[in-house]
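The values are calculated or read from the model by the stated rules, or taken from the named source; none is laboratory data. A quick note: this is a predicted structure, and the numbers were derived from the prediction, not measured. Note: ideal-geometry Cβ built from the backbone for every residue, glycine included; neighbour counts use all protein chains shown.
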Amino acid sequence: MTGRSILLSPRKSAPQLLVVSPALAQANNGNWHTAYRWSRMLGDDFRVSLLPQWRGVEDGDAVAMIALHARRSALSIDAWASHWPQRPLVVVLTGTDLYRDIRTDGDAQRSLRQATHLVALQEHGPSVLPAAVRDKCVVIFQSAAPLHPAVKSARHLQVVMAGHLRPEKDPLTYLRAVEHLQARDDLRFEHIGKALDAALAEAAQATAAQCPHYRWHGELPRGPTRQRIKHAHVLVNASVMEGGAQVVIEAAQSGTAVLASRIGGHIGLLGEAHPGLFEVGNDRALAALIERCRDDPSYLRTLLDHGRARTALFSPDTERERLLHLLQDALRNQPLELQP
């Protein structure tokens, strides 16, 4: 075992479960938040160890492993499959897994074969898997605690995009849309996320210098980010690939409308009929939808209605129930006393 292991349940009588996430707290990204949330949800039923990598048999008492990211956790997945071929191995598929790596990367493809169970985080995910492994896949929607909707300003429309600045999130589409709309005094734009790409950081800084109503906050903790999403009228998610965007779920659970790129990961969360989808990279289409949110109150209400219709899928209780059901199924030959 390498890296720092975080033990999230001290109960010695509970069975041990390993959760492997190559991104830990310092990454402050979606994979980390999924791993940590799941570890907390399962802490009443398992002694959960959350670690970045697993190489050997030091945790030989563990009854199962959950590994996030088929490619980046491939070494841990291979080690578990080699040491414990009869024990459950659950692989959680990220956006880069589903929409890039499993097509070309040998490690990711091997992880699909070695997994006893696969998890997609939205409804579109299973459809892109090879037919030979599709039956192993279940959908578990991520969740967010519902927040009471904020009273939002009538003087301007507040728009926010939240996600680290990297190519997969396509912040340039958002920045170009801001530039198209910079003459409108009734629009405000926020951007939250750490710069993981120097060129994208320069682009954000240039937009801030040019557009007085745009502000790039950089990286913020989860709590303040959720509050900014809650107080915005609209969340924009312009990604080119997503496994199941947590910020979209948080917007739906906060009474904030969503405008999102038309990709499988967003369709799998919001539904094909969601009226706020725009084509990937189409900054003018995004700008037009933002203007419509301000100029046509009925359109903004329609977006909110569509978001509310999906919120039952994003309940923490539902997510925990599906997680426990998955593990009960995986461990059916090793019966355990799990809390309902």
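Of the residues 323, 304, 286, the single one that is assigned to a helix (DSSP H, G or I) and farther than 30 Å from residue 214 by Cα is 323.
In the stretch 79-108, the residues that are closer than 24 Å to residue 169 by Cα and crowded, with 22+ Cβ neighbours inside 10 Å form Cβ pairs under 6 Å with partners that are at pLDDT 95 or above and among the hydroxyl-bearing types (Ser, Thr, Tyr), at six or more places apart or across chains, as follows: 91/111.
Checking each residue in the stretch 185-207 for being surrounded by fewer than 17 Cβ atoms within 10 Å (Cβ to Cβ), closer than 23 Å to residue 153 by Cβ and touching a strand residue (DSSP E or B) at 6+ places or on another chain (Cβ under 9 Å) picks out only 186.
As a summary of the residue check, residue 153 satisfies the conditions (1) buried (at least 16 other Cβ atoms within 10 Å of the Cβ); (2) polar (S, T, N, Q); (3) part of a loop (DSSP other than H, G, I, E, B) except for the one numbered (1).
Filtered by the rule that a residue be in a loop (DSSP other than H, G, I, E, B) and either surrounded by 15 or more Cβ atoms within 10 Å (Cβ to Cβ) or in contact (Cβ under 8 Å) with a residue 40 or more places away in the chain (or both), the stretch 132-147 gives 136, 140, 141, 142, 143, 144, 145, 146, 147.
Quick check on my filter: what residues within the stretch 110-131 are surrounded by fewer than 20 Cβ atoms within 10 Å (Cβ to Cβ) and either touching a strand residue (DSSP E or B) at 6+ places or on another chain (Cβ under 8 Å) or in contact (Cβ under 8 Å) with a residue 12 or more places away in the chain (or both)? Once the filter is applied, which keeps residues that are surrounded by fewer than 20 Cβ atoms within 10 Å (Cβ to Cβ) and either touching a strand residue (DSSP E or B) at 6+ places or on another chain (Cβ under 8 Å) or in contact (Cβ under 8 Å) with a residue 12 or more places away in the chain (or both), the stretch 110-131 yields 110, 113, 114, 116, 117, 123, 127, 128, 129, 130.
Selection within the stretch 277-293: residues that are without any contact (Cβ under 8 Å) to a residue 40 or more places away in the chain and not hydrophobic (A, V, I, L, M, F, W, C). The member of this set that is farthest from residue 174 (Cα to Cα) is 292. Here residue 222 passes the criteria (1) in the same structural domain as residue 286 (by TED's automatic domain parsing); (2) modelled with pLDDT of 95 or more except the one numbered (2).
Please go through the stretch 181-212 and pick out each residue that is under 15 Å from residue 234 (Cβ atoms) and either touching a Pro at 6+ places or on another chain (Cβ under 6 Å) or touching a residue at least 40 places away in the same chain (Cβ under 8 Å) (or both). Working first, answer last.
First pass over the stretch 181-212, keeping only residues under 15 Å from residue 234 (Cβ atoms): 181, 184, 186-192.
Listed by number, the residues that qualify are 181, 184, 186, 187, 190.
For the stretch 258-275, enumerate the residues that are surrounded by 24 or more Cβ atoms within 10 Å (Cβ to Cβ) and under 25 Å from residue 184 (Cβ atoms). Once the filter is applied, which keeps residues that are surrounded by 24 or more Cβ atoms within 10 Å (Cβ to Cβ) and under 25 Å from residue 184 (Cβ atoms), the stretch 258-275 yields 258, 259, 260, 261. Annotation note: Cβ proximity below 7 Å between a residue of the stretch 56-78 that is at pLDDT below 90 and a residue that is of a type in the set (A, V, I, L, M) (sequence gap 6+ or interchain) occurs for 56/1; 56/79; 58/1; 59/1; 59/18.
If you go through the stretch 229-283 and pick out every residue that is closer than 23 Å to residue 217 by Cα and in a helix (DSSP H, G or I), you end up with 11.
Per the listing 167, 88, 126, 171, the residue uniquely assigned by TED's automatic domain parsing to the domain that holds residue 33, within 21 Å of residue 240 (Cα to Cα) and modelled with pLDDT of 95 or more is 126. Screening 160, 178 for residues that are surrounded by 16 or more Cβ atoms within 10 Å (Cβ to Cβ) and more than 19 Å from the chain's Cα centre (by Cα) leaves exactly one candidate, 178. For beta carbons closer than 6 Å, sequence separation of 6+ or different chains, a first residue in the stretch 309-325 that is among the hydroxyl-bearing types (Ser, Thr, Tyr) and a second that is modelled with pLDDT of 95 or more and part of a helix (DSSP H, G or I), the qualifying pairs are 311/252. Being assigned to a loop (DSSP other than H, G, I, E, B), modelled with pLDDT under 95, out of contact with any helix residue (DSSP H, G or I) (no Cβ under 8 Å at 6 or more places or on another chain) and among the small types (Gly, Ala, Ser) holds for only one residue in 49, 9, 39, and it is 9. One residue alone among 234, 178 is closer than 20 Å to residue 309 by Cβ and either among the aliphatic types (A, V, I, L, M) or modelled with pLDDT of 95 or more (or both), and that residue is 234. When restricted to residues that are at pLDDT below 95 and among the charged types (D, E, K, R), the stretch 309-340 contains 3.
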